[in-house]
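See below for the structure under consideration.
The values are calculated or read from the model by the stated rules, or taken from the named source; none is laboratory data. These numbers come from a predicted model, not from an experiment. Cβ: placed from backbone, ideal geometry, glycine included. Neighbour counts: every protein chain shown.
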Amino acid sequence: MNLLRAVCLLIVMLALGCGGGPKTTTTQSTPVGYEFQRLCSTLGSSNGQISRSQFLANANDKQAADQLFNACDVNRDNFVSEQEATQAPYSFQNLKTQVILFTTPRP
């Protein structure tokens, strides 16, 4: 079921695409900035970016997670920045959903 969910999210992400851009520092002045900072904190990022290794370290399905990350990392620098998240809000929501799924304990 989780694999099916990950594949569906990947298809949606690929259909919507992600915006890229230069690296920026994380701010709390916007809702996306606040959410991005919380997501970075959840993944253990202190530099205001989500690295591929941080994202994949927590994923159950590494291949699906890698494809999801690739869809967001348009500039292929192995990081997703706040600016990329801001330019592609639907993709950022999918990324957030995946982090919530693999960080929430199962009963």
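Scan segment 48-66 for residues that are closer than 15 Å to S91 by Cα, aliphatic (A, V, I, L, M) and modelled with pLDDT under 90 and the total you get is 2. For segment 70-83, a tally of residues being modelled with pLDDT of 85 or more and either within 18 Å of Q37 (Cβ to Cβ) or under 10 Å from the mean Cα position of the chain (by Cα) (or both) returns 5.
Scanning segment 35-64 for residues that are more than 20 Å from P105 (Cα to Cα) and among the basic types (K, R) gives a single hit, R52.
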